[in-house]
1. Taking TRP55 as the residue in question, decide whether it is more than 12 Å from the chain's Cα centre (by Cα) and either over 26 Å from ASN119 (Cβ atoms) or without any contact (Cβ under 8 Å) to a residue 12 or more places away in the chain (or both).
2. Among the residues of the stretch 19-63, count how many are small (Gly, Ala, Ser) and in contact with a Gly (Cβ under 8 Å, 6 or more places away or on another chain).
3. Give the number of residues within the stretch 33-50 that are open to solvent by 80 Å² or more (accessible area, probe 1.4 Å) and acidic (Asp, Glu).
4. Might you check whether a residue that is open to solvent by 60 Å² or more (accessible area, probe 1.4 Å) and under 27 Å from the mean Cα position of the chain (by Cα) occurs anywhere in the stretch 136-145?
5. Filter the stretch 1-32 down to residues that are open to solvent by 100 Å² or more (accessible area, probe 1.4 Å) and either part of a helix (DSSP H, G or I) or modelled with pLDDT of 70 or more (or both), then give me how many there are.
6. Could you list, in sequence order, the residues of the stretch 152-192 that are within 18 Å of HIS138 (Cα to Cα), open to solvent by less than 100 Å² (accessible area, probe 1.4 Å) and assigned to a helix (DSSP H, G or I)?
7. Given (1) in contact with an Asp or Glu (Cβ under 7 Å, 6 or more places away or on another chain); (2) at pLDDT 90 or above, identify the lone condition not met by ARG89.
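The values are calculated or read from the model by the stated rules, or taken from the named source; none is laboratory data. All values derive from a computational prediction rather than experimental measurement. Neighbour counts run over all protein chains shown; Cβ positions are idealised from the backbone, glycine included. Note: areas computed on protein heavy atoms with side chains; ligands, DNA, RNA excluded. Shrake-Rupley method; radii C 1.70, N 1.55, O 1.52, S 1.80 Å.
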Amino acid sequence: MPISKCLQKSEPLWKGWDQKAQKNGLRHQVYTVSGDCYVGEWKDNVKHGKGTQIWKKTGAVYEGDWKSGKQDGYGTLSLPDPETGKNRRVYSGWWKGGKKSGYGIQFFGPKEYYEENGNRYEGHWQRGLKNGSGRFFHLNHGQLFEGFWVDDVAKCGTMIDFGRDEAPEPTQFPIPKVEILDPDGVLEEALAMFKKAEEKQGD
C-alpha cells in the first residue's frame, strides 16, 4: 500500500523576516527615514527602557528613560540655542508622557551646558512648563527669584541679590534689605493683639 505524506503548510517568507525585524531589547542604532537616530532598549517595536534619541533636523538630544515610545522617567534633553545654533540649553529632570513633569533643572544662557553665568531654573514642572514651587537663578545679573509658578509664569515670590558682586552683568542698584525699624515694638504689639483675641474667645 502506498504511503502518502501530507505537505505541511509553510509560512510566507515575509512573516519570518517581519519576526526578525521586530524591535525588542537593546538595539545599537536604529535610523528613521528623516535621519533621526535612536540607540537603546525597545519593547514591542517602541522605545521602552533606557535610550538616547538624536533628532537630525533640530539637533536635539535626549538621553534617559522611555516608556511606550515617549520620554518617561528621568532624562536629560539638550537643545541648540535658537539664536546661535551652537550653544545648548539643557533640561535634566523627570518626564511623563513626553513632557517635563516633576522636579527638574533647566539651564539657559549664552554659555554651553552648565556654565555658571547662565540662568537656570530649579523646581517643579508639569506638562513641560514651570508649575509649583521653584527657584530661578538670574546668575548673569546676580539675583535669585524664589516663588510659585503657574504655566511658566511666576505668580508670587521673593527676589533677592545672589552673588551680585561677582555677576557678569549686575543690576545698576542692589535690592534693598527689608528691615523693621523697631522689631521689639512690633513684637509687643503683636503679643498684645494676641492676648486680646484670647480674652475675647474666653468670654
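1. Numbers: more than 12 Å from the chain's Cα centre (by Cα): yes; either over 26 Å from ASN119 (Cβ atoms) or without any contact (Cβ under 8 Å) to a residue 12 or more places away in the chain (or both): no.
So TRP55 does not fit the description; no.
2. Going through the stretch 19-63, the residues small (Gly, Ala, Ser) turn out to be 21, 25, 34-35, 40, 49, 51, 59-60.
In the following step, the residues that additionally are in contact with a Gly (Cβ under 8 Å, 6 or more places away or on another chain) were identified as 40, 49, 51, 59.
The total comes to 4.
3. Result for the stretch 33-50: 1.
4. yes
5. Looking only at the stretch 1-32, we keep the residues that are open to solvent by 100 Å² or more (accessible area, probe 1.4 Å), and these are 1-11, 13-14, 17, 19-20, 26, 28-29, 31.
Among the residues that remain, those that are also either part of a helix (DSSP H, G or I) or modelled with pLDDT of 70 or more (or both) are: 10-11, 13-14, 17, 19-20, 26, 28-29, 31.
Adding up the residues that qualify gives 11.
6. ARG164
7. Unmet for ARG89, out of (1) in contact with an Asp or Glu (Cβ under 7 Å, 6 or more places away or on another chain); (2) at pLDDT 90 or above: (2).
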